[in-house]
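The values are calculated or read from the model by the stated rules, or taken from the named source; none is laboratory data. These figures come from a predicted structure and were not determined experimentally. Note that we place each Cβ from the backbone using ideal geometry, even for glycine, and neighbour counts take in every protein chain shown. Quick note on the areas: whole protein, heavy atoms, side chains included, nothing else; ligands and nucleic acids left out. Shrake-Rupley method; radii C 1.70, N 1.55, O 1.52, S 1.80 Å.
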Amino acid sequence: MSISQVASSFTSEHSIEERLQIEHLIPKNPLFVPSAGSDVIKGLTQTPKTLPARYFYDDRGSDLFEQICELPEYYVTRTETKILQQYAGEIARITGPCELVELGSGSSTKTRIILDAYAQLGHPLQYMPIDVSAGILETSAKQLLADYPCLKVHALVATYELALAQISPTKLFSRMISFIGSSLGNLNPQECDVFFTQITNALQVGDYFLLGIDLQKPKHIVEPAYNDAQGVTAAFNLNMLEHLNHQFEGNFDTTQFEHWAFYNEADNQIEMHLRSLRSQSVELSALNLTVDFAPGETILTEISRKFNLNMMQEQLTAGGLVPIQGWTDADGWFGLLLCQLQA
């Protein structure tokens, strides 16, 4: 029987619904959680004001981010994609059969490259996408299952912290957690240390961690990636306020804020803000919170750190996530590290 016949047979016997499990670790109504919005209250009542980057990702925010990844100025996605296209087969050969876990999976576009590499080696395909956006998680999972007849998906609607704390041991030989797309850059150094500890706790000795990091480069390359000519990144940033309006009964007027992003060369990081265009007060009724803004006052919504490859390898090794192979593009703009948890 040919591969296509096997796939067809599998599909007829195992429908998409049978191969898909979606688990909600975040309640569908977040207001049922006693601590809901506590991070918003903390961020908006301190000086300077901040908001957690996770509030970017309602369904519209996730869609806007997918658009950002296609922008000509946004080198990150296409550079990492080229690295994966070149080396995914090597990753699959090194790890052997393993369960693929992806943090912040979004549309799972780059994951297809990895799935193809494992499929070509005849490995079983088990995928655990993790995202806070239930809509994009379900849509992308169903599309993957339609395109990969032998794939099984256990999707988690969750934050990274919740998912890493609760995922059960894999039934395959090993597991690989992937954190690609340079998302590590959104964490400050202290948060990064905590995150790596969460990764090691979710793995067994011998399991793998695939990490994508944006590397340090000149300001004239980095800054336009967060200030695109079409204004998609600005819309993505402003949508955070719409998300808060919907989730916490707020009255942010997005026409009275503007997107502001710049490269802090001293700290090697992009800083993305929302800047108030006038003196104004905003209410979030569900949080019993009123926030006053002065003209020009900002909310820090995201940092995006740019890393030194050698220093990152040393940090990972110190935490037991030993890099066993690394790859970069020809320009040295982006790095991909395959690590293994060692005792």
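Please report the relative contact order for the chain, taking Cα pairs under 8 Å with a sequence separation of at least 6, and give it as a percent rounded to a whole number.
On the way: 631 pairs, mean separation 70.7, N = 343.
After rounding, I find 21 percent.
Only sites in a loop by DSSP and with at most 16 other Cβ atoms within 10 Å count here; which trypsin sites (Lys or Arg not before Pro) in the range 259-315 make the cut?
On the way: sites: R275, R278, R305, K306; in loops: R278, K306.
Answer by residue number: R278.
For the chain, with all protein chains present and a 1.4 Å probe, just round the carbon and sulfur fraction of the accessible area to a whole percent. Can you show the working numbers first?
Values: 7890 of 15600 Å².
Roughly 51 percent, rounded to a whole number.
Hey, what's the Cα Rg ratio for the range 77-120 versus the globular rule of thumb, 2.2 N^0.38 Å?
Values: Rg = 10.2 Å, N = 44, 2.2 N^0.38 = 9.3 Å.
Normalised by 2.2 N^0.38 Å, the Cα Rg of the range 77-120 equals 1.10.
If you count only protein heavy atoms with a 1.4 Å probe, what accessible area per residue comes out for the chain, rounded to a whole Å²?
On the way: 15600 Å² over 343 residues.
I get 45 Å² per residue for the chain.
Name the most mobile residue of P323, P124, P189, meaning the one with the largest mean-square fluctuation, in a Gaussian network model of the chain with Cα contacts below 10 Å.
In this elastic network of the chain, the residue with the biggest mean-square fluctuation among P323, P124, P189 is P189.
Beyond a 21 Å Cα-Cα separation, which of these cross-linked pairs lie in this structure: K49/K217; K82/K142; K110/K171; K42/K306; K110/K142; K82/K110?
Numbers: K49/K217 28 Å; K82/K142 25 Å; K110/K171 24 Å; K42/K306 27 Å; K110/K142 16 Å; K82/K110 10 Å.
Distance filter (> 21 Å) returns K49/K217; K82/K142; K110/K171; K42/K306.
Based on Cα positions only, what radius of gyration and what Dmax would you give for the range 122-235, in angstroms?
Using the Cα atoms of the range 122-235, the pair Rg, Dmax is 16.8, 47 Å.
Work out the P(r) tail for the range 13-125: percent of alpha carbon pairs separated by more than 17 Å, whole number.
Numbers: 4527 of 6328 pairs.
Percentage above 17 Å: 72.
For the range 47-76 and the range 86-119, compute the distance between their C-alpha centroids and round to whole Å.
For the range 47-76 versus the range 86-119, the Cα centre distance is 23 Å.
When the chain is modelled as a GNM with alpha-carbon springs shorter than 10 Å, which of N186, N239, N251 fluctuates the most?
Of N186, N239, N251, the Gaussian network model singles out N251 as fluctuating most.
Give me the percent relative contact order of the range 174-312, please, defined on Cα pairs under 8 angstrom at least 6 residues apart.
Numbers: 220 pairs, mean separation 35.7, N = 139.
Once normalised by length, the contact order is 26 percent.
Of the residues M272, M176, M311, which exhibits the maximal mean-square fluctuation in a Gaussian network model of the chain defined by a 10 Å Cα contact cut-off?
It is M311.
I'm checking a number: the convex hull volume of the Cα atoms of the range 220-343, normalised per residue, in Å³. What is it? Don't skip to the end; give the middle numbers.
Working: hull volume 20.7 nm³, N = 124.
Once divided by residue count, the hull of the range 220-343 is 167 Å³.
Going by alpha carbons, how many degrees (0 to 90, nearest 10) lie between the helix axis of 59-68 and the longest principal axis of the chain?
Its long axis makes an angle of about 80 degrees.
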